[in-house]
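Below you'll find the structure, written out as structure tokens, and then a few comments.
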Amino acid sequence: MNQRILDEFRALVGERGLISSVEELHTYECDGLTNFRVLPQAVLLPRNVEQVQGILQICHRERMPFVARGSGTGLSGGALPVENGIVISLARLNRILEVDLENARVVVEPGVINLDVTGRVSPNQFFYAPDPSSQSVCSIGGNVAENSGGAHCLKYGFTTTHVLGLEVVLPDGSLVHLGGRMLETPGYDLTGVFVGSEGTLGIATKVVLRIVKRPECIRTLLAAFPATNEAGAAVSDIIAAGMLPAAMEMMDNLAIQAAEAAVQTNYPDCGALLLVELDGPTAEVEALMQEVDAISRKNGAWEIRVAQTEAERAVVWKGRKAAFAAMGRISPNYIVQDGVIPRTALPHVMEEIARLSRESGLRVANVFHAGDGNLHPLVLYDRRIAGQEAAAEALSSRILELCLEAGGSITGEHGVGEEKKHMMPKMFSEPDLETMQRLRCAFDPLRLANPTKVFPTPRLCGEKPGEYVPHPVETAGLAERF
Amino acid sequence: MTIPQAIDEQLRSIVGAQRVSGAPADMRCKVVVSPGTEKEAAAVLACADQAGLAVIPQGGGTKLRWGNPPERADILLSMSRLDRVIEHAWADLTVAVEAGCTMQNLQDTLAKQGQRLALDCLWPQKATVGGILSTNDSGVLRLRYGALRDLIIGVTIALPDGTLATSGGKVVKNVAGYDLPKLVTGALGTLGVITRAIFRTHPVCSGSLTLGFNAPDFQAMQEKVLAIQNSQLAHAALQIRASRAGGLEADVLFEGRIAGLQAQEKRLHAVIGAGVASADHRGWRAKEDLWNDARAESVIAKVIVIPAMLARTLETLKSVAAAKGLTWKAVMQATGIGWIRMDGTEPGALASVAEIRNAAEANGGSLTILQCPASTEPMDCWGATADSISLMRAVKQQFDPKRTLNPGRFVGGI
């Protein structure tokens, strides 16, 4: 990187806020998706919003792309650095600024860890609802970028449901406030479009969150089925009975084996395990739990356990939440996918995944949020065997195509990032993608914020679809096509 | 008032001659155009955009006067022919519906499978999906089920340049691409015309129970409301009804199995003490009644504050109304969203509303005027703009650079 710019960054954030040695930069070359790696030019760790503004003003002046990074736990390469760009880590903006229990609001900086929000308000029987499996390490800023979900979003909604307001530094360094502390503010719902924009619209420096009162009673039921079809039928019947559980999770036999090997949860050895969590007033939950029990048995469940204590409930969840990491116990390498299907397509899609697995000779473990059709197929492979990684990637992409063919989505909660941007034209038409670009151009006309993610080779702002004509910004040498 | 003949002919060739007609005398538009398909709607927009004509999209026409008066109005784009429920995938808890479908028709279709869109909007017999989305009209169920932004999962919009674009999808969980369904929800049709929407549905609850209680004054009422909010009760709705006539009542709605409802009733007694009684379901129509028994000179506004400001907002309302001798009514939800009506001769009512707006804005809230007398001096119905207004204008510029759609009706003159 140009020494003059580096000096300017150093003057802004101090010696300890700037990383530029190659050895240290390697820490930031990827996020949770480790098969994509790019070395950034520098990493900056601002301590306050003024420093973030200063950094982006320099980037804007120098036409230098930047990537914001939270805890780096993302699974789609959203925080992967871009060539010739810098990484801005928000890890030092990590204060909980305000807790307003009366109005059920918490104001945080983006580097605050998800679980720490709940930790702060749990003595008052509140919790922060979005609960991605990485919640003990992932940051609120990252959750905002990815619109993170989690097992309990079936009932409680995603990050976007719980973010009311944002302080955002736009890619030109200016500061704006979107939304606020109220449920609504007059004007466009720019908070709603910023959440889930994967760092392509700017950097959030302050987040107003909504917290939720802890329900009076929580009950977790574990049911063992012969196979996923039977468990899936039970899920359909639970929904048809008019219930909205807090969570419904399913694991197939391979996933159960892995979880068992990793965290010894003593799950039943079965073809499919269904975990149903109900919460609310005790009398209501007890009545519904009986219905879930009956529905499960009717659909072939041969063993049903209900966690009797908070400790037992924690053990049940431990296996589910550790499922991704547990794959390391049964396979040297694996790819996690995040496709979504209309839940009713589950039997067909599971059959197809099994067929593709057989044909490719690669094992696929399945963990999914059964209530909302969000699949997490884990394609297992061994990188040391020639050709297996490519075969696993091909199988993984084919599974996403299956999801699209079933009327679903390529991602339910991990984001598009670097990994799935090539799939976007399979899900959306050219006019759909072009319309999304209009939004991006309003926020970031020079395309400096995480420019290579989400969209495949996006046009420059102001460029019309059709035959390629160089944009004036290109011909002036102010920007280049990636 | 007419539009150029060549444009009129173009419009007739797009939608059919009988689907282009003169506008009613009370409308500012010159012509009414009723497309029968999404493509026709997009083509009408492109035609208007190229000709520099302004378009006012219309659903059921129930909220056509919300927002500021448009700066220009040429074509009233009626979406009433796009009225189909496209697909109710009940087992997947989703429904795809055209924008011109009325809420009642949608709910009737969903009810056949024991489901509903968990939203109680104004005038469901007439109000359409597109209109409800564009005006972001939600009701008391918002407390439990969220607002439209939480229920919509996919949208198709027609843009002024004729583009038809889809965003989101038909699965409940989906983070692929930008969330344009949220962008157009509440945008008052200033970015594009919604042609279809996909929603998540909820089961119709097996039972419900409405309970009510009183309080001697606003502060005591707020304390009770906050105590319920701060409890582990699982209420679906909670509102305060107040009026100059002295009424000050609250309604609580519970939904669920009978055993659960009985337990909730007991818990409510424990939380707020004596005075809880069964209440009439009709209390939930209080918001709509603000319009139903309004007079020509009434001013109706939506006020949004944080929940702990409910009492102070009602106090302000009471005192400014008393100073000008006005009667008033208010319905305030526990979420901090409320609707107020002031009745009295002009300009007293509007000046009073301005004072309430100042108090709300001073604490980060807002007040939007939804109805005021035709004779009134123009007053911006949206109030102060935030520092994001230039970003909003940039978004408008990208989607509707010629300001074809509802010019001037939205926030900050957008």
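Of note:
- Residue within the range A:154-174 that is among the charged types (D, E, K, R), surrounded by fewer than 24 Cβ atoms within 10 Å (Cβ to Cβ), within 8 Å of another protein chain (Cβ to nearest Cβ) and touching a residue at least 24 places away in the same chain (Cβ under 8 Å) present: no
- Some residue of the range B:95-112 being out of contact with any strand residue (DSSP E or B) (no Cβ under 7 Å at 6 or more places or on another chain) and among the basic types (K, R): yes
- The criterion of at least 1 residues that are of a type in the set (S, T, Y) and facing chain A (nearest Cβ under 7 Å) is met, among strands (runs of 3 or more DSSP E) falling completely within the range B:158-234, by B:164-168.
- Filter result for B:G273 (surrounded by 24 or more Cβ atoms within 10 Å (Cβ to Cβ) and farther than 25 Å from A:R105 by Cβ): no
- Qualifying residues in the range A:104-130 (those that are over 22 Å from B:G336 (Cα atoms) and within 14 Å of chain B (Cβ to nearest Cβ)) - the one nearest to the chain's Cα centre (by Cα): A:P130
- Tally of residues being within 12 Å of chain A (Cβ to nearest Cβ) and in contact with a Leu (Cβ under 9 Å, 6 or more places away or on another chain) across the range B:107-118: 3
- Failed criterion for B:R65 (all others in (1) within 21 Å of the chain's Cα centre (by Cα); (2) crowded, with 19+ Cβ neighbours inside 10 Å hold): (2)
- Test: B:L253 is free of Cβ contacts under 8 Å to residues at least 60 places away in the same chain and buried (at least 20 other Cβ atoms within 10 Å of the Cβ): no
For (1) surrounded by fewer than 20 Cβ atoms within 10 Å (Cβ to Cβ); (2) of a type outside the set (K, R); (3) within 21 Å of the chain's Cα centre (by Cα); (4) modelled with pLDDT of 95 or more, each residue gets a yes or a no:
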{"site": "B:Q262", "(1), (2), (3), (4)": "yes, yes, no, no"}
{"site": "B:R282", "(1), (2), (3), (4)": "yes, no, yes, no"}
{"site": "B:D289", "(1), (2), (3), (4)": "yes, yes, yes, yes"}
{"site": "B:V303", "(1), (2), (3), (4)": "no, yes, yes, yes"}
{"site": "B:K324", "(1), (2), (3), (4)": "yes, no, no, no"}
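- When the range B:85-106 is limited to residues that are charged (D, E, K, R) and under 24 Å from B:Q58 (Cα atoms), the one that is farthest from the other protein chains (Cβ to nearest Cβ) turns out to be B:E98.
- Any hit, the range A:447-454, residues being surrounded by 22 or more Cβ atoms within 10 Å (Cβ to Cβ), within 9 Å of chain B (Cβ to nearest Cβ), part of a loop (DSSP other than H, G, I, E, B) and modelled with pLDDT of 95 or more: yes
Results for (1) touching a Pro at 6+ places or on another chain (Cβ under 8 Å); (2) among the small types (G, A, S); (3) under 28 Å from A:F194 (Cα atoms); (4) not assigned by TED's automatic domain parsing to the domain that holds B:L159, shown as yes or no for each residue.
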| site | (1), (2), (3), (4) |
| --- | --- |
| B:P378 | yes, no, no, yes |
| B:M392 | no, no, yes, yes |
| B:V395 | no, no, yes, yes |
| B:N406 | yes, no, yes, yes |
| B:V411 | yes, no, yes, yes |
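- Hits in the range B:382-403 (condition: in a loop (DSSP other than H, G, I, E, B) and either of a type outside the set (G, A, S) or farther than 15 Å from A:P186 by Cβ (or both)): B:W382, B:T385, B:D387, B:D400, B:P401, B:K402, B:R403
- The range B:59-95: number of residues that are out of contact with any helix residue (DSSP H, G or I) (no Cβ under 6 Å at 6 or more places or on another chain) and assigned to a helix (DSSP H, G or I): 1
- Residues of the range A:337-368 satisfying the condition of being in contact with a Cys (Cβ under 8 Å, 6 or more places away or on another chain) and either in the same structural domain as A:N229 (by TED's automatic domain parsing) or not in a helix (DSSP H, G or I) (or both): A:G339, A:V340, A:I341
- Taken as a whole, the condition of being at pLDDT 95 or above, among the hydrophobic types (A, V, I, L, M, F, W, C), crowded, with 22+ Cβ neighbours inside 10 Å and under 11 Å from the mean Cα position of the chain (by Cα) applies to B:L148.
- Members of the range B:119-144 that are surrounded by fewer than 24 Cβ atoms within 10 Å (Cβ to Cβ), touching a Leu at 6+ places or on another chain (Cβ under 7 Å) and within 11 Å of another protein chain (Cβ to nearest Cβ): B:N136, B:L143
- Subset tally (residues that are free of Cβ contacts under 8 Å to residues at least 12 places away in the same chain and crowded, with 19+ Cβ neighbours inside 10 Å) for the range A:28-47: 0
- For A:L101, the conditions (1) touching a Phe, Trp or Tyr at 6+ places or on another chain (Cβ under 8 Å); (2) surrounded by fewer than 17 Cβ atoms within 10 Å (Cβ to Cβ); (3) away from chain B (no Cβ under 14 Å) are fulfilled apart from (3).
- Within the set A:L25, A:L6, the sole residue that is without any contact (Cβ under 8 Å) to a residue 60 or more places away in the chain, touching a Ser or Thr at 6+ places or on another chain (Cβ under 7 Å) and assigned to a helix (DSSP H, G or I) turns out to be A:L6.
- Hits in the range A:286-317 (condition: assigned to a helix (DSSP H, G or I), crowded, with 21+ Cβ neighbours inside 10 Å and either more than 28 Å from the chain's Cα centre (by Cα) or at positive phi (or both)): A:L288, A:V292, A:I295, A:S296
- Residues satisfying the stated conditions in the range A:383-404, i.e. of a type in the set (A, V, I, L, M, F, W, C), part of a helix (DSSP H, G or I) and out of contact with any Gly (no Cβ under 9 Å at 6 or more places or on another chain): A:A390, A:A392, A:A394, A:L395
The values are calculated or read from the model by the stated rules, or taken from the named source; none is laboratory data. Quick caveat: nothing in here was measured; it's all calculated off a predicted structure. Positions of Cβ are generated from backbone atoms using ideal geometry, with glycine treated the same way; all protein chains shown enter the neighbour counts.
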